[in-house]
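One structure is given here, and the rest of the page talks about it.
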Amino acid sequence: MTDAERFEAVYREYRPKVLDYIRSHVKETQDAEDLCSEVFRKVLEHMAPDRSGVSSYIYTITRNTVVDYYRTHRVYCPLDEDVGTDGGPENEILSAERLESLAGALRRIPARERDIIVLHYFADNSLHEISDKLVLPYSVVKRAHQSALRQLRALLA
């Protein structure tokens, strides 16, 4: 069996499973399909001559690809047009200063904890949803969330 035939057999067997796994973690269908392609590109580049351990190898690549996606994927949430218009220019300046302070504090905490804060408070995900998206145990996400809040309080005090 040639390398191309072996890869095709692996692709046909594992693609539906990989795509289902990615779709359970990524909402956008196009992003999920792109990530699936990325997984099999990596598998093709690094595939061992024998098929032993292929399923765990593919699962590891898939999991890491989804984690990388959430590390690099920016979460944007639209703001209402009337934000900051309650009290005139003084409140706008104070709000801008508070946001600058918060942004500075967020930059000073570890990336994983910053991601959890952004996903929870700005993208409105529950800690369970974040646990699924980052492929981390719920208890790890909960501890990281608590740690991030403690660090932010200290930095903003």
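Quick notes
- Computed over the stretch 89-156: relative contact order in percent, which uses C-alpha pairs under 8 Å that are six or more apart: 39 percent
- When only the Cβ of Lys, Arg, Asp and Glu is charged (+1, +1, -1, -1), the dipole of the stretch 89-156 relative to its Cα centre reaches about 460 debye.
- Per-residue packing, averaged as other Cβ atoms within 10 Å, sorts the ranges 26-34, 1-9, 38-46 into the order 38-46, 26-34, 1-9, beginning with the highest.
- Neighbourhood net charge (12 Å Cβ-Cβ; Lys/Arg +1, Asp/Glu -1) for His120: -1
Bear in mind these aren't lab numbers, they're just calculated from the coordinates by the rules spelled out. Because the structure is a prediction, the values reported are computed rather than measured. With ideal geometry, Cβ positions are generated from the backbone for all residues, glycine too; neighbour counts draw on all protein chains shown.
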